[in-house]
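Data block below; observations after.
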Amino acid sequence: MASTIELTKLRIIEGVWNGTIKNNDDSDWTPQIEVTHLDFPVDGVEVEQDRVEEHWVLRVPIPADRIADGVQTFVIRDRKADTVLGSFSIVAGDALAEDIRAEMSLLRAELDMLKKAFRRHCVETSE
């Protein structure tokens, strides 16, 4: 079943990634958002309901200690639905000829999540 949760990027300003989240199937849904970088959680993530626009506002502060040369990818997921909603990347240092490094970083993060889910599935079905 395809996810009906939509993540929309708004902008990055003053070191904070801003976006909106909406669940098209469940108006009573409350997101349980987790943002990770290299499999470590990012602190200070804010999720606030906007009742007028009928969506949730997401703010992800980008920690200065997570910015380094190369591509740094942050993965946004809903813990309740156990679904990756999206990601964003920060590129620093030498100019990159292609965005392939960002894609590889995202693929690695998604593969790690799939490995964990598969292991959990194996444990649950073996009982």
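The values are calculated or read from the model by the stated rules, or taken from the named source; none is laboratory data. Predicted, not measured: the structure shown is a model, and the values here were computed from it. Counting neighbours? That spans all protein chains shown, and the Cβs are built from the backbone with ideal geometry, glycine included. Heads up: the accessible areas ignore ligands, DNA and RNA and are worked out on the full protein's heavy atoms, side chains in. Shrake-Rupley method; radii C 1.70, N 1.55, O 1.52, S 1.80 Å.
General remarks:
- Qualifying positions in region 8-30 - out of contact with any Pro (no Cβ under 7 Å at 6 or more places or on another chain), of a type in the set (A, V, I, L, M, F, W, C) and farther than 14 Å from Pro61 by Cβ: Leu10, Trp29
- Some residue of region 87-102 being open to solvent by 50 Å² or more (accessible area, probe 1.4 Å), out of contact with any helix residue (DSSP H, G or I) (no Cβ under 7 Å at 6 or more places or on another chain) and within 14 Å of Ile5 (Cβ to Cβ): no
- Thr30 surrounded by fewer than 17 Cβ atoms within 10 Å (Cβ to Cβ) and under 26 Å from Ala117 (Cβ atoms): yes
- The lone exception for Val71 - which of (1) in contact with a strand residue (DSSP E or B) (Cβ under 7 Å, 6 or more places away or on another chain); (2) within 18 Å of Gly19 (Cβ to Cβ) it fails: (2)
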